[in-house]
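Report on one structure; see the data block that follows.
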Amino acid sequence: MVQQVRPSQLADWLAGHGGTATLLDVREPWERAVAQATAPGLRVVAMPMHRVPSRLAELDASQPVACLCHHGARSQQVALYLERHGFDTVANVAGGIDAWSRELDGAVPRY
(Lines give C-alpha, C1' and ligand atoms only; values in the text may rest on other atoms or scores of the structure.)
Protein backbone atom coordinates (compact mmCIF):
# COMPACT_ATOMS: atom_id res chain seq x y z
CA MET A 1 0.00 0.00 0.00
CA VAL A 2 1.35 3.40 -0.99
CA GLN A 3 1.86 5.73 1.93
CA GLN A 4 0.14 9.12 1.67
CA VAL A 5 2.37 11.97 2.87
CA ARG A 6 1.13 15.54 3.07
CA PRO A 7 3.74 18.16 2.12
CA SER A 8 3.75 19.35 5.75
CA GLN A 9 4.73 15.79 6.79
CA LEU A 10 7.48 15.37 4.21
CA ALA A 11 10.38 16.31 6.52
CA ASP A 12 9.29 13.64 9.03
CA TRP A 13 8.88 11.07 6.24
CA LEU A 14 12.39 11.89 4.99
CA ALA A 15 13.85 11.62 8.49
CA GLY A 16 12.28 8.19 8.84
CA HIS A 17 14.02 7.06 5.64
CA GLY A 18 17.57 8.24 6.21
CA GLY A 19 17.08 11.92 5.37
CA THR A 20 17.30 11.61 1.58
CA ALA A 21 14.88 10.54 -1.12
CA THR A 22 13.93 11.10 -4.72
CA LEU A 23 11.03 13.43 -5.41
CA LEU A 24 9.63 12.09 -8.66
CA ASP A 25 7.76 14.98 -10.28
CA VAL A 26 5.41 13.37 -12.82
CA ARG A 27 3.87 16.62 -14.06
CA GLU A 28 4.21 17.87 -17.61
CA PRO A 29 7.05 20.27 -18.50
CA TRP A 30 4.69 23.25 -18.75
CA GLU A 31 3.47 22.55 -15.20
CA ARG A 32 7.00 22.40 -13.83
CA ALA A 33 7.73 25.71 -15.58
CA VAL A 34 4.92 27.28 -13.54
CA ALA A 35 5.78 25.80 -10.13
CA GLN A 36 8.84 23.96 -8.78
CA ALA A 37 9.13 21.87 -5.62
CA THR A 38 12.39 21.61 -3.70
CA ALA A 39 13.30 20.69 -0.14
CA PRO A 40 16.45 19.71 1.73
CA GLY A 41 17.20 16.01 1.28
CA LEU A 42 15.14 15.65 -1.89
CA ARG A 43 16.69 14.92 -5.27
CA VAL A 44 14.09 16.09 -7.77
CA VAL A 45 13.65 13.97 -10.89
CA ALA A 46 11.30 15.34 -13.55
CA MET A 47 9.62 12.53 -15.46
CA PRO A 48 6.17 13.05 -16.98
CA MET A 49 3.76 10.26 -16.05
CA HIS A 50 3.58 8.81 -19.55
CA ARG A 51 7.39 8.50 -19.66
CA VAL A 52 7.80 6.53 -16.43
CA PRO A 53 7.61 3.02 -17.98
CA SER A 54 10.25 3.78 -20.60
CA ARG A 55 12.52 5.59 -18.12
CA LEU A 56 12.07 3.30 -15.11
CA ALA A 57 15.74 2.22 -15.18
CA GLU A 58 16.73 5.81 -14.32
CA LEU A 59 15.30 5.35 -10.83
CA ASP A 60 16.86 3.36 -7.98
CA ALA A 61 14.31 0.88 -6.62
CA SER A 62 16.20 0.58 -3.33
CA GLN A 63 15.91 4.31 -2.53
CA PRO A 64 12.82 6.06 -1.11
CA VAL A 65 10.71 7.77 -3.78
CA ALA A 66 7.98 10.35 -3.16
CA CYS A 67 5.78 11.00 -6.20
CA LEU A 68 4.35 14.45 -6.93
CA CYS A 69 1.85 15.88 -9.42
CA HIS A 70 -0.67 18.74 -9.38
CA HIS A 71 -3.23 17.38 -6.88
CA GLY A 72 -2.08 13.81 -6.17
CA ALA A 73 -4.02 11.60 -8.60
CA ARG A 74 -1.37 11.03 -11.27
CA SER A 75 1.36 10.64 -8.66
CA GLN A 76 -0.74 8.03 -6.85
CA GLN A 77 -0.99 6.00 -10.05
CA VAL A 78 2.77 6.27 -10.60
CA ALA A 79 3.48 5.31 -6.98
CA LEU A 80 1.35 2.17 -7.39
CA TYR A 81 3.20 1.38 -10.62
CA LEU A 82 6.56 1.73 -8.87
CA GLU A 83 5.43 -0.54 -6.04
CA ARG A 84 4.37 -3.19 -8.54
CA HIS A 85 7.80 -2.93 -10.15
CA GLY A 86 9.83 -3.64 -7.04
CA PHE A 87 10.38 -0.25 -5.44
CA ASP A 88 10.86 -0.74 -1.70
CA THR A 89 9.69 2.59 -0.29
CA VAL A 90 7.19 4.69 -2.22
CA ALA A 91 4.96 7.53 -1.08
CA ASN A 92 2.45 9.78 -2.76
CA VAL A 93 2.64 13.49 -1.94
CA ALA A 94 -1.04 13.88 -1.10
CA GLY A 95 -2.51 17.08 -2.46
CA GLY A 96 0.38 17.54 -4.89
CA ILE A 97 2.12 20.80 -5.71
CA ASP A 98 -1.10 22.65 -4.86
CA ALA A 99 -0.91 21.43 -1.25
CA TRP A 100 2.85 22.04 -1.31
CA SER A 101 2.14 25.71 -1.94
CA ARG A 102 -0.56 25.90 0.74
CA GLU A 103 1.23 23.86 3.46
CA LEU A 104 4.95 24.08 2.88
CA ASP A 105 6.03 26.98 0.67
CA GLY A 106 3.66 29.80 -0.15
CA ALA A 107 6.17 31.15 -2.69
CA VAL A 108 5.36 28.21 -4.98
CA PRO A 109 2.71 29.45 -7.43
CA ARG A 110 -0.67 27.75 -7.53
CA TYR A 111 -2.26 27.01 -10.88
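Cα-based Rg of segment 64-103 per 2.2 N^0.38 Å, rounded to two decimals?
Working: Rg = 10.1 Å, N = 40, 2.2 N^0.38 = 8.9 Å.
My calculation over the Cα atoms of segment 64-103 gives 1.13.
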In sequence order, what are the phi-derived ³J(HN,Hα) couplings for segment 96-102 according to the Karplus relation 6.51 cos²θ - 1.76 cosθ + 1.60 with θ = phi - 60°, rounded to whole Hz, with x for glycine and proline? x, 5, 5, 5, 4, 5, 6
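Show me the three semi-axes of the equivalent ellipsoid for segment 16-70, from the C-alpha gyration tensor (sqrt of 5 times each eigenvalue), largest first, rounded to whole Å.
Listed largest to smallest, the semi-axes of segment 16-70 are 19, 15, 7 Å.
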Return a whole-number percent for the relative contact order of the chain, with Cα pairs under 8 Å and 6 or more residues apart as the contact set. 34 percent
For the chain, the Cα-Cα pair-distance distribution in 10 Å bins from 0, as whole percents, is 16, 54, 28, 2
Would you mind telling me the share, in percent, of accessible area of the chain contributed by carbon and sulfur at probe 1.4 angstrom? 53 percent
Which residue, Gly95, Gly72, Gly86, has the most motion in a Gaussian network model of the chain that connects Cα atoms within less than 10 Å? Gly86
Just the accessible area for Arg43, please: 1.4 Å probe, Å², rounded to the nearest 10? 130 Å²
If you average the sequence gap of Cα pairs under 8 Å that are 6 or more apart and divide by the length of segment 40-98, what percent do you get for the contact order? 36 percent
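The values are calculated or read from the model by the stated rules, or taken from the named source; none is laboratory data. These figures come from a predicted structure and were not determined experimentally. What goes into the accessible areas is simple: the full protein's heavy atoms, side chains included, and nothing from ligands, DNA or RNA. Shrake-Rupley method; radii C 1.70, N 1.55, O 1.52, S 1.80 Å.
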